[in-house]
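Down below is the structure, laid out as C-alpha cells.
The values are calculated or read from the model by the stated rules, or taken from the named source; none is laboratory data. All figures in this text were calculated on a predicted structure; none of them were measured in a lab. Here the Cβ is made from the backbone with ideal geometry for all residues, glycine too, and neighbour counts use every protein chain on show. Surface accessibility is based on the protein's heavy atoms, side chains included, excluding ligands, DNA and RNA. Shrake-Rupley method; radii C 1.70, N 1.55, O 1.52, S 1.80 Å.
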Amino acid sequence: MLVLVLDSSTPAVTAALAEITADAVVPRVERSRVDARAHGELLAPQVAEVLAEVGIRPAALAAVVAGVGPGPFTGLRVGLVTAASMGQVLGIPTYAVGSLDALGHAATRPGPDAAPEAGPVLVATDARRREVYWAVYDPAGGRLVGPAVDVPAVVAERAREQGVRVAVGEGARRYADVLGLPLRGGLDHPPAYALAELAAERIRAGAPGDRLTPLYLRRPDAVAATGRKPVLR
Amino acid sequence: MADEPLVLGIETSCDETGVGVVRGHTLLADALASSVAEHARFGGVVPEVASRAHLEAIVPTMQRALDEAGVTLADVDAIAVTAGPGLAGALLVGVAAAKGYALAAEKPVYGVNHLAAHVAVDTLEHGPLPEPAIALLVSGGHSSLLLVDDLATSVTPLGATIDDAAGEAFDKVARLLGLPFPGGPPIDREARGGSPDAIAFPRGLTAPRDMAEHRFDFSFSGLKTAVARWVEARERAGEPVPVPDVAASFQEAVCDVLTSKAIDACRTHGVETLVLGGGVAANSRLRALAEERAARAGIRVRTPRPKLCTDNGAMVAALGSHLVAAGVAPSRLDLPADSAMPLTTVSV
Ligand SMILES: [Zn+2]
C-alpha cells in the first residue's frame, strides 16, 4: 500500500511516499525543504512532485500520514489541512503521528540513517519565542515525558532528571549551550519514514482514520476586552 | 462547460469558513461556519482563534456544500479560493485546503481577490454585471470604491478608508453604547427607533479641502471619536444616553458619506451601475439611501441579498466561474496567500 506522508511542524516542509508491506515500511521518495516562511507555497508542489516521480495518480494512495506537531501553528496547519482535504477527496483515512514522536522513533530505532541509542533521548524542536517543543523517549522509543513547550533552561533540568544522554532536533541544536547535551546529527526534522513506521500498524489493520488536530500546547494570543473603555483620555 | 462552469469556492480570509458551489451564474450551495461567537468577548476578530476555527471547519463545511449542491469534486471544472487580502494565517488555511482538494481531485485552482469576489457575487442575484460598474464594498475589514472595467481582468481602486473600516466604526460605536459584537446589526435595529437628525455627527473627508486630495476616500476615525465624546459628555453630566438617537445619527453619518461618494464616483466615471457588497451593505439604511440617491442620478443599484453581502464561499465560486468562462489561466500550485493583495489583482 502506498501512503502519502506529510510533516510541516518545523522549518522543514516534507512530502514523501512510503510503501507499507506486510512486514516493512519502504521509503519510496521524499521531498523536504527548509524554509519556515514558505510552507504554504512549497508543500503542494512537493506533493505533486513525489506523485509524479513514482508515476501514480492521487487515487492510487491508500492513506495519508500527517505529523500533528507540536510546531509553530501557521506552518503546522498547512500540512494538516493538506492531508485532511486530500483524504476527504480520495475517501482514504488520515493518520495522526506526533512529530516529536517521529524524531524520538528515528533516534531510538535502527533506521535507514540512524542507529539506536542506549539511554533516554531528548527531542527538541524550535517553538520560537526562545522556547522549544520537547519530549523525552526511552531507548525503545516509548515517550517518557512530554510533549510540552518550555524555555531551554527548564528543559535542561527535566532532561537531567530523566537521565537523558543525547539530544536530537533543531531546537536541541539551537540551544545546545543551555541544554548541555551531546547532539546527534542528521535528525533535525521529523523524517518521513519514521512517521510512516509509527502509523504502519494502523494502516495495515485498516484502522479508522484520525481527525488531524494540531498539538498546539499554547493558547491563542488574545487579550480579552475588559468591558467598556473610554475612547478618550 | 465554457459558458456554465461548475466551480467550487473557498473563503477563509477572516472569521467565516465558507464553501460555495456555483454553475455559471446559478448558486447551488453556500455552506458557512462562523467563529464570530468565539471572538465576541474580545470585541474583535482574533487572528489565531480564526485560523484554528478554519482548520476545524473546512472539511465538514466542504462536505455540506457538496451535499447541498448534489455534486462531487470529480464533477467540478475548477476550485477557486480567496488568496487575499485578509488575515495571513486564516487565508493560508483556505489556500492550502484548496490546493489539497485540487491536487487530489486533479482540478485547476484559482487564487482570487476577496474584494473582486464581493463584486462577483452579485451575478448570482442579478446575472452578468454590466461593465463598467462602480463597486462600494464596506465591511469590518474593508471600505473601498472600485471601478470595474472588466471583472475578470481589470479592477481599479478609486478610494478607500484612510483609517478605520466602516464596519469597525460600527463595532466600536456598538461597544460604546453597550451593544453586542458585531455592531452592525444591533445599531441598525436601534437606529430604527431613533432620529438620524438628532445629533450632527461629522462627515469625514467631505470638506472642500479634503475633497481635492481624498475625493473617493473615507475616514471614520473622527466620527467614532465624536460619538465617544458626545456619549461621555452625557454620562459625565449624569444624563441618560439616548441609544436609538445616537445609533441613528451615527449610522446616518456613515451612510451619507458612503453613498454620496459612491454616486459621485459613478457620475465622474460616467458609470450607470453601482454594486454594493460587504457586511455593511446588509445595513438597511445604506441600502435605502443608496437606492434613493441613485434613482435621482439615473443610476441602477445592484445589491445582493444580505447573506451574500457578508463573507461566504459562494462569492469566491462566482468569481471563479466568471474567470473560467472568460478563459483566464488558473494559478500555479505554489500560489501564496497574500494578506496585502493589491486590489488591481483579480486572480494570481
Ligand atoms: Zn469581505
(request) Could you pull out every one of the lysines with an alpha carbon less than 27 Å from that of B:Lys172, ignoring same-chain neighbours closer than 8 positions? (result) A:Lys229, B:Lys224, B:Lys261, B:Lys307
(message) What would the Debye equation give as log₁₀ I(q)/I(0) for chain B at q = 0.07, 0.09, 0.12 Å⁻¹, counting only Cα atoms as equal point scatterers?
(response) -0.28, -0.47, -0.81
(request) Place a +1 charge on the Cβ of each Lys and Arg in the protein assembly as shown and a -1 charge on the Cβ of each Asp and Glu, then give the dipole magnitude about the Cα centre in debye, rounded to the nearest 20. (result) 1100
(request) Using θ = phi - 60° and the Karplus relation 6.51 cos²θ - 1.76 cosθ + 1.60, list the HN-Hα couplings for the stretch B:318-335 in order, rounded to whole Hz, with x at every Gly or Pro. (result) 4, 5, x, 4, 5, 5, 4, 4, 7, x, 6, 6, x, 7, 7, 5, 9, 4
(request) Any chance you could list P(r) for the stretch A:100-179, counting all Cα-Cα pairs in 10 angstrom bins from zero, rounded to whole %? (result) 22, 57, 20, 1
(request) Could you check the simple spin-label distance between B:Phe42 and B:Arg296, using points 7 Å along Cα→Cβ, in nm with one decimal? (result) 4.3
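I'd like the mean, over residues of B:84-93, of how many other protein chain beta carbons sit within 10 Å of each residue's own Cβ.
Details: counts 0, 0, 0, 0, 2, 5, 2, 1, 8, 6.
Taking the mean over all residues of the peptide, I get 2.
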(request) Using only the Cα atoms of chain A, build the gyration tensor, take square roots of its eigenvalues as a ≥ b ≥ c, and label the shape rounded, prolate or oblate: rounded if a/c is under 1.5, else prolate if a/b is larger than b/c, else oblate. (result) oblate
(message) Is there a quick way to get the dipole size of chain A? I mean about its Cα centre, with the Cβ of Lys and Arg at +1 and of Asp and Glu at -1; what is the value in debye to the nearest 20?
(response) 1040
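Given a 1.4 Å probe, how much area per residue of the stretch A:100-179 is accessible, in Å²?
On the way: 3440 Å² over 80 residues.
That works out to 43 Å² per residue.
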(request) Report, to two decimal places, the Cα Rg of the protein assembly as shown normalised by 2.2 N^0.38 Å (N = number of residues). (result) 1.08
(message) How many Å² of accessible surface get buried when B and A come together, counting both sides, probe radius 1.4 Å, rounded to the nearest 100?
(response) 3200
(message) From the helices alone, meaning DSSP H stretches of at least four residues, give me the mean residue ellipticity at 222 nm for chain A, per-run term -39500 (n - 2.57), in deg cm²/dmol to the nearest 500.
(response) -10000 deg cm²/dmol
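Restricting things to alpha carbons, find the Rg to Rh ratio for the stretch B:130-304 using the Kirkwood radius for Rh.
Details: Rg = 16.1 Å, Rh = 16.3 Å.
My calculation puts Rg/Rh at 0.99.
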(request) Taking the Cα centre of the stretch B:130-304 as origin, work out the dipole magnitude from +1 charges on Lys and Arg Cβ and -1 charges on Asp and Glu Cβ, in debye rounded to 20. (result) 240
(request) Using +1 at the Cβ of each Lys and Arg and -1 at the Cβ of each Asp and Glu in the stretch A:100-179, identify which of A:Val168, A:Thr108, A:Ala148 lies farthest towards the dipole's positive end. (result) A:Ala148
(request) Compute the acute angle (0 to 90°) between the alpha-carbon long axis of helix B:47-69 and the principal axis of greatest extent of the alpha-carbon atoms of chain B; round to the nearest 10°. (result) 60
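Quick one: of the DSSP bridges fully inside chain B, what percent are antiparallel, nearest 5?
Numbers: 27 of 44 bridges.
About 60 percent, rounded to the nearest 5.
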(request) As a check on your grasp of the helix formula, calculate [θ] at 222 nm for chain B: sum -39500 (n - 2.57) over DSSP H runs of n ≥ 4, divide by the residue count, round to the nearest 500. (result) -14000 deg cm²/dmol
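Please average, across the residues of A:45-51, the number of beta carbons from any other chain that are within 10 Å of each residue's own beta carbon, and give a whole number. Intermediate results must be reported in sequence, preceding the final value.
On the way: counts 6, 2, 5, 5, 1, 0, 1.
Shielding by partners across A:45-51 averages 3.
Per residue of B:100-111, what is the mean number of Cβ atoms on other protein chains within 10 angstrom of that residue's Cβ? Please list the in-between numbers first.
Numbers: counts 18, 6, 5, 13, 16, 7, 4, 1, 0, 1, 0, 0.
Counting Cβ atoms of other protein chains within 10 Å of each residue's Cβ and averaging gives 6.
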(message) I'd like the carbon and sulfur percentage of the solvent accessible area for the protein assembly as shown, probe radius 1.4 Å, heavy atoms only, ligands and nucleic acids excluded.
(response) 51
(message) Out of all DSSP beta bridges in chain A, what portion is antiparallel? Express it as a percent rounded to 5.
(response) 70
(request) Report the calculated FRET efficiency for B:Asp210 and A:Arg211 (r = Cβ-Cβ distance, R0 = 56 Å), to the nearest 0.05. (result) 0.60
(request) Compute the long axis of helix B:88-105 from its Cα atoms, compare it with the longest principal axis of the Cα atoms of chain B, and write down the angle in degrees, 0 to 90, nearest 10. (result) 20
(request) Scan around B:Thr161 for amide H atoms under 5 Å from its own, H built in the peptide plane at 1.01 Å from N, and keep only partners 5 or more places away or cross-chain. (result) B:Ser143, B:Phe218
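Could you provide, to the nearest whole Å², the per residue accessible area of the stretch B:130-304 with probe 1.4 Å? Please report the intermediate quantities before stating the final value.
On the way: 6890 Å² over 175 residues.
Dividing the accessible area of the stretch B:130-304 by its residue count gives 39 Å².
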